[in-house]
Amino acid sequence: MSGRLAGRSALVAGAGSRSEELGNGRATAILFAREGARVLCADQSLDRAQATVDLISREGGVARAAQADVSRSEDCARLAREAEETYGALRIAHYNVGIEARSPLDRLTDEEWTRVLDVNLTGAMQFARAVAPRLVAAGGGALTFVSTIAALRTTPLTAYAASKAGLLGLVVSLAGQLAPGRVRVNAIAPGLIYSAMVAGGMNPETRERRRLAAPITDEGTPWDVGWAAVFLASDEARWITGQTLVVDGGFTIATRDYAL
Ligand SMILES: NC(=O)c1ccc[n+]([C@@H]2O[C@H](COP(=O)([O-])OP(=O)(O)OC[C@H]3O[C@@H](n4cnc5c(N)ncnc54)[C@H](O)[C@@H]3O)[C@@H](O)[C@H]2O)c1
């Protein structure tokens, strides 16, 4: 590794994985640490966060686990404080938390809508509100949110799509507001990644279909999302803000019969 994030204090929300499969948040926390950052790994499940920390520690990285529910404003404030107290001035804040919901409009309940918006969008705003002053006080930094290509193309995942599209508006608004404080704000929109979030609901056929759906037919992995996060957090992205980096093997630029 090249030490692109050497010595920086980083906070990753949603740093655990819901299963034994690798998650996007876990891969990102691991890569941040490999690049030299000291990482506070936050998750609503302390065990999941600790499992990520154990992986980082085993390879000589520096990380600590924290429990937090990001849909609670006070938890976000506590996390931001803890990251700074543990590892010094906060330079990198990464919001990977996302819960899915699959209901089309005619089956969508108020409860599902509220739950998904609370975690995916309100949580993101609360996270941003907690970390932004600390990133500014540090002299600048990077704030990144994990959205999805479901925010860019049509799917029946009503609440999920709306919450993740909301993130893109949040990014554009915050990028302008925080630019004077030298804080860059961006989103990553992953495509059909084989990650912990989706692996449980897949069989070999569906997995293969997803692999073949994009022009680049190597399966997307959480490492692909993690490397995008490393880039956006690094000084190499110093002039990039308010953007959405699509990480999807070309899925969104192709029609189904793109090769014809
Ligand atoms: N896998 C894909 O194909 C795909 C595609 C596009 C976007 N994404 C996005 O990637 C992210 C998730 O990927 P993953 O593989 O890391 O999923 P994951 O579910 O394994 O990890 C997310 C972690 O967030 C935690 N979490 C959930 N609610 C929380 C809350 N309220 N407070 C704190 N932590 C909470 C969970 O405990 C979990 O450990 C999501 O934002 C998702 O929308 C995934």
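Computed on the Cα atoms alone, the convex hull of the chain gives a volume of 126 cubic angstrom per residue. Relative to the longest principal axis of the Cα atoms of the chain, the long axis of helix 222-233 makes an angle of roughly 40 degrees.
Helix 73-87 axis versus longest C-alpha principal axis of the chain: approximately 50°, rounded to the nearest ten.
Using the Cβ-Cβ distance between ASN203 and THR155 with R0 set to 25 Å, the FRET efficiency works out to roughly 0.80.
Distance between the pseudo-spin-label points of ALA137 and TRP223 (7 Å out from Cα toward the beta carbon): 3.8 nm.
Eigenvalues of the alpha-carbon gyration tensor of the range 8-85, scaled by 5 and square-rooted, set the equivalent ellipsoid semi-axes at 18, 15, 9 angstrom, largest first. Helix-derived [θ] at 222 nm for the chain: sum -39500 (n - 2.57) over DSSP H runs of at least 4, divide by residue count, nearest 500? Calculated from helices alone, the mean residue ellipticity at 222 nm is -13000 deg cm²/dmol.
Just so you know, all these numbers are worked out from the coordinates, no wet-lab data involved. The model shown is predicted, which means the values in this text are computed figures rather than measured ones. We place every Cβ from the backbone using ideal geometry, glycine too, and count neighbours over all the protein chains shown.
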